[in-house]
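Peer 1: The structure's right below; bear with me while I get my questions together.
The values are calculated or read from the model by the stated rules, or taken from the named source; none is laboratory data. Small disclaimer: the values here were computed from a predicted structure and weren't measured. Don't worry about glycine lacking a Cβ; one is built from the backbone with ideal geometry, like all the others, and counts go over all protein chains shown.
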């Protein structure tokens, strides 16, 4: 009996500690959310495409895809929920200045009248073109261009060729008066060199666009790689990914929110051992979907300079704009899931304006084969 009386308070203390720990986990919100998935289905939408994004009205998509000459070009097509894409049209295949350059990673201007893209510098005079999926963060230079939706005109917004510069992931503000991108500014220091974030105003003079008041930001303790992912809905903050913590490798990036006016930087994922990348803010600004290697068990990764997109297996995850209510959306890397087809990197590329679906690029890891575009549908709108 005395021994039992001694055990009872110890057990009570232990249970109390467990309860407090569970409360802390719930409050922190960074443990995976419980309950059924919000995803209705993940279905093949188009084959052999690259990054794709919905038009502001949701009736067209723009995407990059290899043309017959081996170069990736910019395409637009009607997008239908039931039948996929139709009325495909290549905007750059017949443009003399662009048809032998890689063009891709499109983003729509909020007006729907034009698209910003990255266009690489053709540094190789002959031979088979490098695939575009290696271009954005690899050792090829690139510039920002603006292309009209009807394909009749295009304009060069930056001129980094002389500096061997590179741009990555242009994104327009919600008002359409600013554009945001990441840019390689120096070699050395990391696997991909040293990068910075650029924000510029964009205006039209005599119907010709130009950048103005370019501002540069390099937040964080470790100023190496940054990837731009868009403005917050009030156009005051920036969503980005990178390895900003001290000694954080490129294979373990995190998702951040940054406010340029206050210099406030918030790490939303806090998983330096996992690759968190390609964050997309939902149309209502309350949710973020991104690509992560967590729960997949991909192990240690040795990055090479040309390895950019397919460096780690990844699936799509969802969290709110504060980095809480985290849950896994897809299981393309789960051998027990019906969508499993081998090691893949899954990249979200565009929300539909209604917030009830998004496009995702599924790439085979360790292969030069093109990826496929999948449609991720939700049980109910979560981003509207």
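Peer 1: Given the conditions (1) farther than 21 Å from residue 222 by Cβ; (2) at pLDDT below 95, and given that residue 185 satisfies all but one, which numbered condition is not satisfied?
Peer 2: Here residue 185 clears every test but (1).
Peer 1: May I ask you to verify whether residue 52 is crowded, with 22+ Cβ neighbours inside 10 Å, at pLDDT below 90 and more than 15 Å from residue 93 (Cβ to Cβ)?
Peer 2: Here the answer is no, as residue 52 does not meet what is asked.
Peer 1: Can you pull out the residues in region 186-201 that are in a strand (DSSP E or B) and either out of contact with any strand residue (DSSP E or B) (no Cβ under 7 Å at 6 or more places or on another chain) or more than 10 Å from residue 225 (Cα to Cα) (or both)?
Peer 2: 186, 198, 199, 200, 201
Peer 1: Right, here's the next one. Residue 94 - would you say it is assigned to a loop (DSSP other than H, G, I, E, B) and modelled with pLDDT under 95?
Peer 2: Against the criterion (assigned to a loop (DSSP other than H, G, I, E, B) and modelled with pLDDT under 95), residue 94 qualifies.
Peer 1: Looking at region 162-180, which of its residues are free of Cβ contacts under 8 Å to residues at least 60 places away in the same chain and either touching a helix residue (DSSP H, G or I) at 6+ places or on another chain (Cβ under 9 Å) or surrounded by 23 or more Cβ atoms within 10 Å (Cβ to Cβ) (or both)?
Peer 2: Answer for region 162-180, where residues must be free of Cβ contacts under 8 Å to residues at least 60 places away in the same chain and either touching a helix residue (DSSP H, G or I) at 6+ places or on another chain (Cβ under 9 Å) or surrounded by 23 or more Cβ atoms within 10 Å (Cβ to Cβ) (or both): 166, 167, 180.
Peer 1: Next question. Kindly establish whether residue 34 is modelled with pLDDT under 90, in a strand (DSSP E or B) and more than 23 Å from residue 354 (Cα to Cα).
Peer 2: No; evaluated as a whole, the condition is false for this residue.
Peer 1: Moving to a separate point now. Restricting to region 65-84, give me the number of residues that are in contact (Cβ under 8 Å) with a residue 12 or more places away in the chain, farther than 18 Å from residue 150 by Cβ and in a strand (DSSP E or B).
Peer 2: Residues meeting the conditions: 4.
Peer 1: Go through region 97-109 and report how many residues are farther than 13 Å from residue 148 by Cα and either outside any loop (DSSP other than H, G, I, E, B) or modelled with pLDDT of 95 or more (or both).
Peer 2: 3
Peer 1: Related question: State whether one or more residues within region 328-336 are under 17 Å from the mean Cα position of the chain (by Cα), crowded, with 16+ Cβ neighbours inside 10 Å and part of a strand (DSSP E or B).
Peer 2: yes
Peer 1: Residues that are surrounded by fewer than 19 Cβ atoms within 10 Å (Cβ to Cβ) and in contact with a helix residue (DSSP H, G or I) (Cβ under 7 Å, 6 or more places away or on another chain): find the strands (runs of 3 or more DSSP E) completely inside region 205-272 holding 1 or more of those.
Peer 2: Qualifying strands (runs of 3 or more DSSP E): none found.
Peer 1: Here's another thing I want to ask about it. What number of residues within region 160-180 satisfy the criterion of being modelled with pLDDT under 95 and not in a strand (DSSP E or B)?
Peer 2: Count: 6.
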